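The values are calculated or read from the model by the stated rules, or taken from the named source; none is laboratory data. Since the structure is predicted, the reported quantities are computational estimates derived from the model, not experimental observations. Cβ atoms come from the backbone with ideal geometry, glycine included; neighbour counts cover every protein chain shown.
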Amino acid sequence: MRKRSSPPAARPPGRDARSREERPARGETGRNENRAPEGGPVLFDYPLPDVMGFQGFQRAVPPVAAPEGRRAAGGGMFLYPAAYLASALFAASRLRRRRATGCAALPVLKGGARLVFSGERLDQDDLDVFLGCVEHSLEQQRPGRGSVRFAVDDFLRRLGRRDTPATRERLAASLLRVELSRVALCDEEMNAYANLLVSVGFDLGRDVWFAEVNPDVLAAFARATNPLGFIHTRLRLGPRPLAKWLFGLAWTLQDDCLLRSGELRRLCGCQALEGAPFRALLRKALSALALVGYGAAVTEDREGWVWVRGQKGGPGLGNSRLA
């Protein structure tokens, strides 16, 4: 006759009741560090952050004065593309490693509203995807409705990317990054908070995805001069993030802009790159702009000043120097 095993002894009170497998490894805190919680939603291997730091918007630095004429065209603060083309919102880089997540005030040109961003850091590849959504919306001529559906293979082809599982993963990740990010524009009169993409979705059965662009953002491009030409020319610059960023800055400006190297690095989100490496990258970007016919739009003089000549493409303010 088999003996009945005795029940395990209870742990003394005050002891950690978690098993060895459940305890965090040495050096870990046990907190969620930009990872999806166990059992939480994960789409395309992209974890959805559970904390986006939205309350950081309440602690933003004091806003600047509202520029004269800002309330034109319906009063929307997002009706000017300079906020997201002439700032470090989409950094002049291609991020492949783990991205920082948080809330921060971003440098802007003098005369612009205070820009505060919360979410996962964005780069020029993310801007390619976002402008692709804008392009589809403008081509369908739906100025009041920014929701578009697109075939994934056609979307990737327009971006100049091959249709592979890896590129689909990156495309889905970019869409989710932009949709989950939150942007605030602040001045003395009001603070406006918005997402550049209102929603995204994936119809995996039909291989059709959809995205809805913020109506004010879409209206800003609809009011611009030849926005589709800008998007197409920008894609011709290829994998050159600084050249793409400079082209977006020149296109959105109404007047000329004079920048020192340090000011340019701060504005485009390349503070970590300085000296000879940045100058070499800048010269390559200027050469790429010359190949697409915009060599005169951005030039560098012997003293290291960078002249950006406004192309008056996007509606916005005239700028001469950084704040």
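List of remarks:
- For the range 271-306, residues that are more than 21 Å from Arg236 (Cβ to Cβ) and among the polar types (S, T, N, Q) total 1.
- Breaking point among (1) hydrophobic (A, V, I, L, M, F, W, C); (2) at pLDDT 95 or above; (3) in contact with an Asp or Glu (Cβ under 6 Å, 6 or more places away or on another chain), for Leu175: (3)
- Taking every residue in the range 270-289 that is outside any helix (DSSP H, G or I) and pairing it with any residue that is charged (D, E, K, R), at least 6 positions away or on another chain, the pairs with Cβ-Cβ distances below 6 Å are Gln271/Arg265.
- Residue match in the range 231-241 (condition: of a type in the set (Val, Ile, Thr) and in contact with a strand residue (DSSP E or B) (Cβ under 9 Å, 6 or more places away or on another chain)): no
- Lone qualifier among Asp187, Asp216 - being within 27 Å of Leu106 (Cβ to Cβ), touching a residue at least 40 places away in the same chain (Cβ under 8 Å) and within 20 Å of the chain's Cα centre (by Cα): Asp216
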